1. Report the normalised scattering of region 28-115 as log10 I(q)/I(0) at q = 0.13, 0.18 Å⁻¹, calculated by the Debye formula with identical scatterers on the alpha carbons.
2. Among the aspartates and glutamates, select those whose C-alpha is under 12 Å from the C-alpha of K111, and discard any that sit fewer than 8 residues away in the same chain.
3. Stretched out fully, how many nm does the piece from E52 to L5 gain, at 0.36 nm a residue minus the Cα gap?
Amino acid sequence: MKIILGSLLIVAAIVFGAMSFMESKIEYGDFTTAISSEKKIQVKGEWVQDMESNFDANKAQFTFYMKDDKGKVEKVILDGAKPNNFELATSIVAKGKYESGCFHASEILTKCPSKYEGDAQAVKKSL
């Protein structure tokens, strides 16, 4: 009886682990893929600075426009405050779903320029 109970416990743990992994696995795509997909997706792109962006304190939402790597521009609504270093970001990854005519992000990752990267022109001149 103990062996059967132990085996069932191990099988349940494996099934639970596999289901958790599948839920946490988020694929990369573009806005076109996000529009046609029902699943959560990661879209890489850049902030469109000359279009409206604002933070609504009542709803605790940050709204901005983003252009994906294929050039498609969409409105992005992030549940939460504007990410740190958002203005300095060279690229953005928005994780979320396309709903009600815009991309609803649950998380935003920003890539900022490294302060350790050298100036290529300065290096060439010193040679």
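1. Here the Debye-derived log intensity ratios amount to -0.36, -0.70.
2. Hits, sequence-local ones excluded: E46, E87.
3. Values: separation 47, 0.36 × 47 = 16.92 nm, distance 5.89 nm.
Taking 0.36 nm per residue and subtracting the Cα distance, the gain is 11.0 nm.
The numbers here are math on the coordinates, done by the rules we state, and not lab data. Remember, predicted model here, so these are calculated numbers, not experimental data.
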